[in-house]
1. Name the one entry in THR294, THR304, THR288 that is open to solvent by less than 60 Å² (accessible area, probe 1.4 Å) and of a type in the set (Val, Ile, Thr).
2. Tell me, which residue of the range 378-409 that is small (Gly, Ala, Ser) and in a helix (DSSP H, G or I) is modelled with the highest pLDDT?
3. Given the residues ILE175, ILE224, which is the only one that is in contact with a Cys (Cβ under 9 Å, 6 or more places away or on another chain), hydrophobic (A, V, I, L, M, F, W, C) and assigned to a helix (DSSP H, G or I)?
4. Within the range 342-364, can you find the residues that are in a loop (DSSP other than H, G, I, E, B) and charged (D, E, K, R)?
5. Hey, among ALA46, ALA126, ALA74, ALA83, which residue is at pLDDT below 85, open to solvent by 10 Å² or more (accessible area, probe 1.4 Å), over 15 Å from GLN244 (Cα atoms) and among the small types (Gly, Ala, Ser)?
6. If TYR339 passes every condition in (1) open to solvent by less than 40 Å² (accessible area, probe 1.4 Å); (2) over 29 Å from ALA206 (Cα atoms); (3) modelled with pLDDT under 90; (4) in a helix (DSSP H, G or I) but one, which one does it miss?
7. Among the residues of the range 184-209, what is the count of those that are crowded, with 17+ Cβ neighbours inside 10 Å and assigned to a loop (DSSP other than H, G, I, E, B)?
8. Hey, could you check the range 2-41 for residues that are more than 19 Å from ILE396 (Cα to Cα) and of a type in the set (D, E, K, R) and say which is least open to solvent (accessible area, probe 1.4 Å)?
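The values are calculated or read from the model by the stated rules, or taken from the named source; none is laboratory data. Quantities reported herein were computed from a predicted structural model and do not represent experimental measurements. In this analysis, Cβ positions are derived from the backbone assuming ideal geometry, glycine residues included, and neighbour counts consider all displayed protein chains. Remember, those area values only see protein heavy atoms, side chains included, never the ligands or the DNA or RNA. Shrake-Rupley method; radii C 1.70, N 1.55, O 1.52, S 1.80 Å.
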Amino acid sequence: CAVLIALPILVAELQLGRHGHKDPVTGIAMVAREAGVSERWKYAGALGALTGFIIVTFYSVVAGWALDFVYTTATGGLKGLSAGEASSIFGNLLTNPGRMAIWHTVFMGLTMVVVARGIQDGIEKAVKILMPALFVMLIVMVGYGFVMGDFAAGFNFLFAPDFSKINAGVVMAAIGQAFFSVGIAMGIMITYGSFLPSNVSIPKAAMIIVAADTGIALVAGLMIFPIVFANGLEPSSGAGLTFQTLPIVFAQMPFGTVMGTVFFMLLVFAALTSSISMIQPAVSWIQTKLNISTVKAALVVGLTGWVIGFGSVLGLNRWSDIHIFGWLKESSSAWLSGYADKNIMDTFDSLSADLMMPVGGMLVAIFVGWRVSEAISRGEFADVGEGWYRLWRFLIRYLAPIGVLAVLITNLF
């Protein structure tokens with residue numbers, strides 16, 4: 001999914017950004033005018049910016065959990081924990097809306113401060129510090145897992161294939177994960193593409209991005225799972241693995257307080273680099289639309305996202321009986337009826353990953369593949385050869401949009 005679907009769309013989004021030189025909405029409208037087609041294609045950019053914004057509203061809450069665990073771990077709160085006690089710590093956090101609200105506010109505040117400083121003075125400088133720090137911490141943790149963990153079991157868990165598990169739902173999840181991880185269909189790469197110098201090769205840059213992203217993800221897996229298996233724990237997914245299983249490991253291992261603090265700091269750093277990217281397209285659009293400064297646009301978008309985020313905070317406790325799509329319970333589609341029992345956070349998560357990102361990516365693929373002239377896109381492949389251009393052209397016109405549409409239809413019916 002990352003190579004055959006996300007990569008071609010990534011190239012397309014970077015092209016749109018560099019050619020349009022604006023936010024996702026305005027930039028796509030400019031390219032559409034140049035191509036002589038309807039400016040309504042700008043709504044594909046609007047969908048991307050909205051998707052990133054919605055994700056940030058609940059992503060900030062999850063990042064707040066990581067901040068809470070940095071504090072808890074660093075102050076020795078995990079020492080000597082049993083499995084039941086570790087689950088209680090996380091459970092107590094979820095039932096404490098005030099505590100979650102504080103950390104949600106801190107993280108959203110950090111995001112707004114970085115974004116308010118702009119792309120070059122804020123995001124670029126922050127990432128130059130955060131990404132190397134994240135990578136160093138990751139390597140330290142992998143080294144610990146290699147020495148002290150069950151590396152063979154972790155490697156086998158990650159890479160031994162079981163093709164019987166693959167169905168339309170798994171493929172849809174893989175597409176959503178690839179889109180989110182690479183950063184497409186959220187307006188991010190269109191926004192960043194608008195800052196790309198003309199001498200940067202977009203195809204080469206895109207391949208480096210996908211290779212680095214996938215490589216780091218696999219390294220992160222090799223960091224976590226050897227430690228999990230060495231301690232005789234069952235691997236779970238998502239929050240269960242991060243905030244219930246791993247704290248047990250850190251409670252039992254030598255230097256667990258230090259390693260646990262490093263791990264959760266790594267998580268916060270990774271989350272911050274993502275959140276500033278996801279909120280930037282909406283900030284850029286608001287800045288252009290209202291003709292206001294970056295600081296004011298960051299405040300408008302950040303404060304709005306902060307307020308909406310309280311829905312996710314309260315949806316885990318006091319508003320747990322609120323189900324936005326409860327009326328879908330009787331739907332004949334298992335995919336749609338699955339939304340009926342989701343809380344507010346899970347609803348936003350599923351909508352963005354399973355619907356908005358795939359649809360947004362598909363629209364970008366159709367726009368660039370079928371409506372934008374070859375004269376605009378062909379020039380970006382001058383340094384990699386005709387064969388690579390033809391391959392990309394095939395993927396962006398056929399495989400990417402048809403593949404996403406087929407999986408969407410399969411899930412729906």
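1. Within the list THR294, THR304, THR288, the selection yields THR294.
2. If we take residues in the range 378-409 being small (Gly, Ala, Ser) and in a helix (DSSP H, G or I), then ALA400 is modelled with the highest pLDDT.
3. ILE175
4. LYS342, the sole residue that qualifies.
5. Among ALA46, ALA126, ALA74, ALA83, only ALA126 is at pLDDT below 85, open to solvent by 10 Å² or more (accessible area, probe 1.4 Å), over 15 Å from GLN244 (Cα atoms) and among the small types (Gly, Ala, Ser).
6. Against the list (1) open to solvent by less than 40 Å² (accessible area, probe 1.4 Å); (2) over 29 Å from ALA206 (Cα atoms); (3) modelled with pLDDT under 90; (4) in a helix (DSSP H, G or I), TYR339 comes up short only on (4).
7. 6
8. Filtering the range 2-41 for residues that are more than 19 Å from ILE396 (Cα to Cα) and of a type in the set (D, E, K, R), the one least open to solvent (accessible area, probe 1.4 Å) comes out as ASP23.
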